[in-house]
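Colleague: Next up is a structure, given as C-alpha cells.
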Amino acid sequence: MAILKVARLGHPILRKKAGLVNKSEISSVTVQTLIDDMIETMHEYEGLGLAAPQVHVSKQLVVIESQSSSRYPEAPEIPRMIMSNPEIKYLTDEHIESWEGCLSVPDLRGLVPRCQRIQVVFYDRDGLRHTQIAEDFLSIVIQHETDHLFGKVFLDRMEDLSSLSFLSEFKRHKADITLS
Ligand code: NI
C-alpha cells in the first residue's frame, strides 16, 4: 500500500467530471490497489473521505470512513464504505448546515448547507450494487465526496463565504460549534 499525493485546489483534475468505473475494471489489480491506497491516504491525512480525482485519478470512485480523529474530533463514526459510480437522489427539501473541510482545500473550514436525507445507488469494491438511504452526517459526507467526482468542492456549495475560516482561527473562535 502507498500514501498518494493529494491534489490541491487549482489542479485542473479537481474541476473535471470523472469517468465511470466499468464492471470489468472494478476487479482489476489497478483499481483494487487504488482503493487500498486511497484508504491508506485517507487515514494518513485523517480525512473522512477521499475521492479518486483528489489523488489524480479521474474515476468515479470514493472511499469514506469516520473514526474520531484530531482533525474532526466530533465526527460520528461511519463504517468504511467504498463507492463507485454513486448516484444521489435528494429525498427532502430540508437542508442542514455543517462545517466542512477538504484535504484538497487545506486548512480551511466553511459552513455548507446540504440535503438532510438522500438515497445513493453505488457499486462496492466487489462490483455489487447497493441502494442506501443516508441522513445527517453520512448524507453530508457522501454529498461532499460525490461532488468531487463532478468537479465541485465545498466552497462551491457555500451560500456565502462569510463563515470561511482558517482552521487555526476556527479552532479558536468556533469551538462551540460542532460538525452537523
Ligand atoms: Ni473534499
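The values are calculated or read from the model by the stated rules, or taken from the named source; none is laboratory data. Here the structure is a predicted model, which is why all the values come from computation and not from measurement. All Cβ positions, glycine included, derive from the backbone under ideal geometry; neighbour counts span all protein chains shown. These accessible areas exclude ligands, DNA and RNA; they are computed on the full protein's heavy atoms, side chains included. Shrake-Rupley method; radii C 1.70, N 1.55, O 1.52, S 1.80 Å.
Colleague: What whole-number value in Å² describes the accessible area per residue of the chain for a 1.4 Å probe?
Modeller: 50 Å²
Colleague: Share of antiparallel DSSP beta bridges in the chain, in percent to the nearest 5?
Modeller: If I count the DSSP bridges inside the chain, around 95 percent turn out antiparallel.
Colleague: For the Cα atoms of the chain, what angle does the longest principal axis make with the long axis of helix 29-44, in degrees from 0 to 90, nearest 10?
Modeller: It works out to around 20 degrees.
Colleague: Once each part is reduced to its C-alpha centroid, what is the distance from the range 119-163 to the range 17-55 in angstrom?
Modeller: What the calculation gives is 15 Å, centre to centre.
Colleague: When the helices in the chain are scored as -39500 (n - 2.57) per DSSP H run of 4 or longer and the sum is shared across all residues, what 222 nm value do you end up with, to the nearest 500 deg cm²/dmol?
Modeller: -7000 deg cm²/dmol, from helical runs alone.
Colleague: Taking the Cα centre of the chain as origin and charging only Cβ (+1 Lys, Arg; -1 Asp, Glu), how large is the dipole, in debye to the nearest 20?
Modeller: 560 debye
Colleague: Roughly how many percent of the accessible protein surface of the range 85-180 is carbon and sulfur, given a 1.4 Å probe and a whole-percent answer?
Modeller: Of all accessible area on the range 85-180, carbon and sulfur atoms account for 48 percent.
Colleague: Working from Cα positions, state the angle (0 to 90°, nearest 10) between the long axis of helix 136-148 and the longest principal axis of the chain.
Modeller: 60 degrees
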